[in-house]
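Reading through the structure tokens given below for one structure.
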Amino acid sequence: MLPSQTLLHTAVLALAVLQAFASDTFIAAVYEHAVILPDATAEPVSPEDALALMNRNMDVLEEAIKEAAQQGAHIIVTPEDGIYGWRFTRETIYPYLEDIPDPAVNWIPCTDPTRFAPTPVQERLSCMARNNSIYVVANIGDKKPCNSSDPGCPPDGRYQYNTDVVFDPKGKLLARYHKYNLFRRETQFNYPKEPEAITFETPFGKFGIFTCFDILFREPAVVLVSELQVDTVLFPTAWMNVLPFLTAVEFHSAWAMGMGVNLLSANTHNISFAMTGDGLFTPEGPAAYHYDSGTEEGRLLLAELSARPRLSPTYPPAVNWSLYATNIKKFPVEKDTFSGAVRRDIFTFSELRHKAGNYTVCQGVLCCHLIYRMLNKSNDEVYVLGAFDGLHGSLIKYHWQICTLLKCKSTDLNTCGQSVEMAQTKFEMFSLSGTFDTNYVFPEVLYSGVQLAPGEFEVLHDGRLKSKHGTSQPLVTATLFGRLYEKDLPHPLRTSP
């Protein structure tokens with residue numbers, strides 16, 4: 001047999017093995033980790049001290065991995081920054097980094113620890129996966145030497161990357177992903193020269209992976225889902241909650257529903273940084289989620305998920321997000337509007353003055369439409385319909401289109417858009433829609449106390465976000481959160497030599 005024929009035969013055989021053991025469902029786990037942080041220092045610590053800190057965090061993660069495996073989990077995702085934390089400069093993070101090879105090298109660090117030594121973190125993660133027969137997903141730091149022949153090489157002679165790694169149940173390094181969209185405080189890391197679209201096959205579907213801030217951008221998030229057709233996205237994150245639209249649980253659940261995939265979201269837990277909220281999210285809504293802003297404890301979540309949600313009989317139909325709203329003729333645009341800020345974004349708001357009504361508010365090319373009936377409007381609460389169509393961000397600017405039914409912080413209209421998580425008013429019904437210029441719209445419903453509303457709302461094929469039988473809890477916001485990736489401005493920091 002010719003070498004090329006041998007390779008083809010091997011590939012076909014491997015696919016056949018996967019299909020033979022394919023499962024319709026799998027048990028997934030995520031762990032929200034209360035990370036043990038290093039002391040803030042101006043000078044780098046020794047490699048020994050860095051490893052000691054990382055081992056303390058990995059001790060906690062190992063217990064979570066063992067528990068997940070004992071409960072039948074096939075895969076577990078751990079958080080971004082979950083092994084060494086943050087508070088770093090470029091120089092002080094260096095002792096925490098390892099050189100992570102391309103997974104094509106076919107390497108099991110647990111059984112061959114000296115092949116790319118020193119790699120004690122990769123060795124330990126590999127052994128966690130191998131000893132518990134589970135896929136382990138973790139976030140660590142990668143370092144790559146470079147020299148003057150590379151015009152993009154940093155002055156210190158190395159690239160440093162925020163990196164996710166995946167080890168299979170035998171401990172093999174299966175995947176490596178370098179974060180492409182760095183948050184503004186991640187100055188310790190470099191941008192990869194090109195975005196990476198990392199996927200891998202398992203007996204329970206096709207998986208993709210990216211990190212935290214990546215979820216808001218086309219590359220790699222939309223590429224993985226819309227072009228490469230992954231079934232499940234692995235998502236280590238260190239998400240700082242921002243009410244009213246960007247708490248971890250509401251946006252990650254909405255993203256999974258809008259994109260039509262499973263999202264395994266593992267967050268760090270640090271209430272002083274407003275970090276909490278993780279979950280196992282599906283196209284139909286959250287299978288399990290956790291939000292705790294009152295304690296410093298971590299949390300393990302498990303749930304059984306559809307391995308190939310697009311093939312599920314309950315998979316939501318395609319949505320035309322502007323169909324209903326663009327055909328509305330009877331709703332006049334509200335004249336009594338005012339401007340209000342959600343962080344730095346200036347929304348156009350209209351107060352809902354009655355217990356029931358029809359409202360339309362426009363900004364730019366976006367018009368937002370709302371039909372509603374309040375069940376028990378509290379006299380000391382104000383709700384508004386709001387629209388935003390524009391660029392968001394102070395340094396990295398990306399385009400949002402947002403329609404929202406929103407509770408204000410107080411009866412003072414100047415507080416509309418400010419952070420609020422408690423409410424008293426329930427709704428008998430609501431129907432929210434908008435004239436979106438994008439197919440990428442994410443539906444959010446957030447109840448009082450930062451609670452989701454699984455099974456209590458639906459998205460119709462014509463783009464309406466509707467309550468099914470009223471709201472069982474007081475409502476903080478119902479939002480359609482749209483992204484116009486094609487209108488994003490060029491990234492001011494990412495450069496390719």
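Can you pull out the residues in the stretch 384-408 that are buried (at least 24 other Cβ atoms within 10 Å of the Cβ) and over 26 Å from Ile215 (Cβ atoms)?
Across the stretch 384-408, the qualifying residues are Val384, Leu385.
Need the failing condition index for Asn358 against (1) assigned to a loop (DSSP other than H, G, I, E, B); (2) assigned by the TED database to the domain that holds Gly482, just the number.
(1)
Out of the stretch 294-322, which residues are open to solvent by less than 50 Å² (accessible area, probe 1.4 Å) and aromatic (Phe, Trp, Tyr)?
Result: Trp321, single match.
Condition (residue is in contact with an Asp or Glu (Cβ under 7 Å, 6 or more places away or on another chain), at pLDDT 95 or above, surrounded by 22 or more Cβ atoms within 10 Å (Cβ to Cβ) and of a type in the set (Gly, Ala, Ser)) applied to the stretch 265-284: is it met by at least one residue?
yes
For the stretch 63-77, name all the residues that are within 15 Å of Gly298 (Cα to Cα) and small (Gly, Ala, Ser).
Residues satisfying the conditions are Ala64, Ala68.
May I ask you to verify whether Gly82 is touching a strand residue (DSSP E or B) at 6+ places or on another chain (Cβ under 7 Å), at positive phi and in contact (Cβ under 8 Å) with a residue 40 or more places away in the chain?
Working: touching a strand residue (DSSP E or B) at 6+ places or on another chain (Cβ under 7 Å): yes; at positive phi: no; in contact (Cβ under 8 Å) with a residue 40 or more places away in the chain: yes.
So Gly82 fails the test.
Of these, Gly417, Gly393, Gly434, which one is within 28 Å of the chain's Cα centre (by Cα) and within 23 Å of Gln451 (Cβ to Cβ)? Working first, answer last.
Numbers: Gly393 fails: within 23 Å of Gln451 (Cβ to Cβ); Gly434 fails: within 23 Å of Gln451 (Cβ to Cβ).
Going through Gly417, Gly393, Gly434 in turn, the sole match is Gly417.
Looking only at the stretch 409-465, count every residue that is of a type in the set (A, V, I, L, M, F, W, C) and surrounded by fewer than 18 Cβ atoms within 10 Å (Cβ to Cβ) and tell me the total. Lay out the reasoning, then the answer.
Of the residues in the stretch 409-465, the ones of a type in the set (A, V, I, L, M, F, W, C) are 413, 416, 420, 422-423, 427, 429-430, 432, 436, 441-442, 445-446, 450, 452-453, 457, 459-460, 465.
Those still in the list that are surrounded by fewer than 18 Cβ atoms within 10 Å (Cβ to Cβ) too: 413, 422, 429, 460.
Adding up the residues that qualify gives 4.
Looking at Val223, Val165, which one is open to solvent by 10 Å² or more (accessible area, probe 1.4 Å) and at pLDDT 95 or above?
Working: Val165 fails: open to solvent by 10 Å² or more (accessible area, probe 1.4 Å).
Residue meeting the stated conditions: Val223.
Collect the residues in the stretch 326-345 that are of a type outside the set (Val, Ile, Thr), open to solvent by less than 90 Å² (accessible area, probe 1.4 Å) and assigned to a loop (DSSP other than H, G, I, E, B), keeping them in residue-number order.
Phe331, Glu334, Asp336
Any chance the stretch 470-484 includes a residue that's touching a Leu at 6+ places or on another chain (Cβ under 8 Å), under 20 Å from His369 (Cα atoms) and surrounded by fewer than 20 Cβ atoms within 10 Å (Cβ to Cβ)?
yes
Considering only residues that are over 29 Å from Trp239 (Cβ atoms), open to solvent by less than 60 Å² (accessible area, probe 1.4 Å) and not in a loop (DSSP other than H, G, I, E, B), which ones fall in the stretch 103-158?
Val105
The values are calculated or read from the model by the stated rules, or taken from the named source; none is laboratory data. Since we're looking at a predicted model, the values are computed, not measured. Neighbour counts are summed over all protein chains in view; Cβ atoms, including those assigned to glycine, are modelled from backbone coordinates with ideal geometry. Remember, those area values only see protein heavy atoms, side chains included, never the ligands or the DNA or RNA. Shrake-Rupley method; radii C 1.70, N 1.55, O 1.52, S 1.80 Å.
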